[in-house]
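*Asks:* Have a look at this one.
Throughout, read-outs are computed from the coordinates displayed, never taken from laboratory work. No experiment lies behind these values; they were computed from the predicted model shown. Counting neighbours? That spans all protein chains shown, and the Cβs are built from the backbone with ideal geometry, glycine included.
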Amino acid sequence: MFIRNTPRSPIVCEILDLHTTASMYPAISTEDLLNIPIAIPKESTRQKITEKVRASRKAREQSKQLLEIAKTGVERAIETDEATATTWINQQLEALGVKLT
């Protein structure tokens, strides 16, 4: 599991400092890098993280689809009329299983 940290976050800097040699350009050997301890969460926590990542990716994909439907709907409204565009948009939303409230 990869935990996203910025390369200069305090925890990353501290871990790398423990394994670097003194030089003008800090470097860490591949062996030392592979030997850095990484905490692995419990299985239940990993499953929750996995579920949240999957849900996030699904939501992101759906948001892309909805944006495309909205853009195309506006184009259709301009080219034809608003009623035709609204009907098309509603068909697309129904196909995605999206209910407007």
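*Asks:* Between THR30 and SER9, what FRET efficiency follows from the Cβ-Cβ distance if R0 is 22 Å, with the result rounded to 0.05? It would help to have the intermediate numbers written out before the result.
*Replies:* Values: r = 21 Å, r/R0 = 0.97.
Step by step, r from the Cβ atoms, then E = 0.55.
*Asks:* Determine, from the Cβ-Cβ distance of GLU94 and SER56 and an R0 of 30 Å, the FRET efficiency 1/(1 + (r/R0)^6), rounded to the nearest 0.05. Let's see the in-between values first.
*Replies:* On the way: r = 24 Å, r/R0 = 0.81.
Efficiency, rounded to the nearest 0.05: 0.80.
*Asks:* So if I place +1 on the C-beta of Lys and Arg and -1 on the C-beta of Asp and Glu, and nothing else carries charge, what would the dipole magnitude of region 41-101 be about its Cα centre? I want it in debye, nearest 20. Please list the in-between numbers first.
*Replies:* Working: 12 positive and 9 negative charges, 157 e Å.
The dipole magnitude comes to about 760 debye.
*Asks:* Once R0 is set to 22 Å, what does the formula 1/(1 + (r/R0)^6) return for the Cβ-Cβ distance between THR86 and LYS64, expressed as a FRET efficiency to the nearest 0.05?
*Replies:* On the way: r = 21 Å, r/R0 = 0.96.
The pair THR86/LYS64 has a calculated efficiency of 0.55.
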